[in-house]
Amino acid sequence: MTDLVDSMLDLMRRLPPTRVEENVAALVNICPDYADDLLGSVDQPLTLKTDRATGREYLACDYNRDGESYRSPWSNEYDPPLDDGTVPTPKLRQLEIKANEAFDTYREMYFEGGVSSVFLWDLDDGGFAGVVLFKKSLSPSATTEPSGSWDSIHVFEAAERGRQAHYKLTSTIMLELVTRSASSSSSNAEKQDNGNGKEGTKTSGDVSLSGSMTRQTEQDCPVQNQESHVTNMGRMIEEMEIKMRNLLQEVYFGKTRDVVYDLRSVESLERQRRQRELQKELVGFMKR
């Protein structure tokens, strides 16, 4: 069992990240007996669902799934309805409601849109765990405009030790960006017939950046009451997202820019050749 699951995870690491959902579904069809192990080990882009009771959107993932149903953080009900679905205890449910309100404000301040959801559950050792989810999508209004999505999954465990609590946080960010460039012509936008009697814009190529990053951290924080958990986790998640955003800026954009500039010259080659000859000439004069 372990060897088969490890082989599927090893295969997933080598497949395109933009098609992770299709690849997971294909592996589940091939090995349905290991579906839960695979779904619990592979991070997939978050999906949007709408709470039928409140009309509010929430995020669906493996952490709020029970069978084929997903629990809403707003009404605490499963969709499709599930009579014996797992729900948090009344005390933990109150903390879950406050956490959803707090991180909804965080989402609006940092992402200026998108959807957030928080789900909590009890642990056997007396502590509790949870997941904080964020999703922001960029939908293009034209074929030449960029598109993309940002998915954040923050899984944490909390164990109280007197007046302090020990937190373990595992954060995963999945980023996908696609930019499309229109081809240049004398009119700067060459038109073509798309076969339906309508005109479309030619594209000279797409640039796709996609992938995921995972980081972990542990921290001890003081606890005054139950609401202190929301404050402590909010601070840890905020610091982790800032750190990971900076890493993504360096890895995704910095490295890609370096590679592109090495492969393609922005300035004319003749100008660069003259600059190199001038540098050699100046170095020669300095050595005399």
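So the values come out like this:
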| read-out | value |
| --- | --- |
| Prolate/oblate/rounded call for segment 88-287, Cα gyration tensor, a/c under 1.5 rounded | oblate |
| Exposure rule at most 10 other beta-carbon atoms within 10 Å, DSSP loop GluC sites (Glu not before Pro): the chain longest free segment | 113-266 |
| Pairwise label distance in nanometres, Thr105 with Arg264, each label 7 Å out on the Cα-Cβ vector | 4.6 nm |
| Long pairs among Lys98/Lys135; Lys91/Lys243; Lys168/Lys255, criterion Cα-Cα beyond 28 Å | Lys91/Lys243; Lys168/Lys255 |
| Residues of segment 53-97 with amide N under 11 Å of the 7 Å Cα→Cβ point at Ala129 | 63 |
| Residue among Gln219, Gln44, Gln275 with the largest mean-square fluctuation in a Gaussian network model of the chain, springs linking Cα atoms under 10 Å | Gln275 |
| Helical segments meeting 24 Å axial Cα length and Kyte-Doolittle -1.0 threshold in the chain (DSSP H) | 227-248 |
| Accessible area per residue in Å² at 1.4 Å probe, computed on segment 42-124 | 54 Å² |
| Average Cα contact separation per residue, the chain, under 8 Å, 6 or more apart, as relative contact order % | 10 percent |
| Estimated FRET transfer efficiency (Asp33, Gln164; beta-carbon r; R0 45 Å; 0.05) | 0.60 |
| Gained length - Arg271 relative to Gln226, 0.36 nm times residue gap less alpha-carbon distance | 9.6 nm |
| Sulfur and carbon atoms: percent of accessible area, segment 200-262 [1.4 Å] | 46 percent |
| Choice from Leu11, Leu38, Leu175 showing the highest fluctuation, given a GNM over the chain with Cα pairs closer than 10 Å | Leu11 |
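The values are calculated or read from the model by the stated rules, or taken from the named source; none is laboratory data. Note that this is a predicted model, so its numbers are computed, not measured. No Cβ is skipped: glycine too gets one built from the backbone with ideal geometry, and neighbour counts run over all protein chains shown. The protein model used for the area step is the full one, side chains on, heavy atoms only, and it has no ligands, DNA or RNA in it. Shrake-Rupley method; radii C 1.70, N 1.55, O 1.52, S 1.80 Å.
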